[in-house]
Amino acid sequence: MATLTRRDAIKQMLKVIAAVGAANFFTLEDLMAMENGKMIKPNIVWLHGSSCSGCSTSFLNIEDVSVLDILTRYTNIVYHPDISLATGKQVTEILNKASKELKDNYLLVVEGSIPVAMPHACMMGDKPIMEWMEQMSASASACVAGGTCAAFGGITGMQGMDAGVMSIGNFTKHKKINKPVVSLPNCPMKPEHLVYVIFHYAKFRTIPELDAEGRPLRFFSQTVHERCIYYSEFQEKNYAKKIGQAGCLLRLGCQGPVTKNDCMTIGHNNNTNTCIKAGHPCIGCASEHFPRQIMLHTFKDERAIEKFKHFKFRG
């Protein structure tokens, strides 16, 4: 197996920076400045709320570059539940120290939602995660809601759940914590989105431009439908009648028209695939309405027809 030289690694990182749209503000000189200690690396504290760890897995499995470079050369990971060696009392000491000594000088990345109606459902040390969230978000410079559960509640907030979860944005508002929140919905979170936010913060010490839901406009300015590979089929009203069949997937319950995401340009797993490219309707995993209650896979399902009958498409 060939050894990747430092020069090659930097080239790979530059490709990632270009792919996520950060090349217009983050340059080779900036990368070198971070490596040489001339640009301050962002401190990151990562917490888990009600989650499955899927967003951490997605981030740690980033394929274009070495995740070790991101974690050691371009960020300072103060704490991450899945990769930190600290356990027990060491963890609580790290968090308490960070909230005091790094005040307004770290990004708080939160994966999963906050179970406010059932605090004991998610504990860390001797305190519910909602207390840690309140403490750490109050002293952070900004919060990043990693994944749909953190951004909107997602699966943890679906009908029938008893934990009474809150998204990170709603939780900080509820606690009157005036800190910016960047929402990166996707199930799981796309690592490229977080890389973009990290490098933007490293360069400008602020968060990127967001939409009304707190999502970076770079990735969430258009619906999946607007960029869909089957958009011309939609215009011609050529609808697929079953999964795997060519044609617009709208009548099979595709959520592309009501889901803002960049799946048609940045897919999952190094852009290997997306729902639609695989022949399946978009499941809307980045939507504030995910997961949907009814799975619509039948062409003649009247519920699907009724759902989009009065929908006004752009274009």
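No value in this document is a laboratory result; all are computed from the given coordinates. This structure is a prediction, so every number in the text was calculated from the model and none was measured. Cβ sites come from the backbone with ideal geometry, for glycine too, and all protein chains shown count toward neighbours.
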Among the DSSP beta bridges whose two residues both lie in the chain, what percent are antiparallel, rounded to the nearest 5?
30
Cα Rg, Dmax (largest Cα-Cα span) when computed across segment 124-204, Å:
13.4, 43
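Write down, largest first, the equivalent ellipsoid semi-axes of segment 163-231 in whole Å, where each equals the square root of 5 times an eigenvalue of the alpha-carbon gyration tensor.
With the √(5λ) rule applied to segment 163-231, the semi-axes are 24, 18, 11 Å.
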With the dipole of the chain defined by +1 on each Lys or Arg Cβ and -1 on each Asp or Glu Cβ, the option from Tyr196, Gly153, Cys275 whose Cα lies farthest towards the positive pole is Cys275
For the chain, Cys with no neighbouring Cys Cβ under 4.7 Å
Cys52, Cys55, Cys122, Cys143, Cys149, Cys228, Cys248, Cys254, Cys263, Cys275, Cys282
So if each residue of separation counts as 0.36 nm, and I subtract the Cα-Cα distance between Ser66 and Arg205, what length gain in nm does that give?
47.7 nm
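Restricting things to Cα coordinates, could you compute the convex hull volume per residue of segment 23-127 in Å³?
138
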Select from Gln245, Asn96, Ile44 the residue farthest towards the positive end of the dipole of the chain; place +1 on Cβ of Lys and Arg, -1 on Cβ of Asp and Glu, and compute about the Cα centre.
Gln245
With each pseudo-label sitting 7 Å past Cα toward Cβ, what's the Thr272-Leu102 distance in nm, one decimal?
3.2
According to a simple spin-label model (label point 7 Å from Cα along Cα-to-Cβ), what is the distance in nm between Ser53 and Met118?
2.1
Ranked from highest to lowest mean number of other Cβ atoms within 10 Å per residue, what is the order of the peptides 147-158, 273-284, 26-37?
147-158, 273-284, 26-37
In the structure displayed, which of Lys242/Lys277; Lys11/Lys41; Lys176/Lys260; Lys89/Lys175; Lys38/Lys97; Lys100/Lys175 lie more than 21 Å apart, Cα to Cα?
Lys176/Lys260; Lys89/Lys175; Lys38/Lys97
Can you tell me the dipole magnitude for the chain around its Cα centre, using point charges on the Cβ only (Lys, Arg +1; Asp, Glu -1), in Debye to the nearest 20?
520
Stokes-Einstein diffusion coefficient for the chain at 25 °C in a medium of 0.890 mPa s, Rh from the Kirkwood formula over Cα pairs: what value in µm²/s?
119
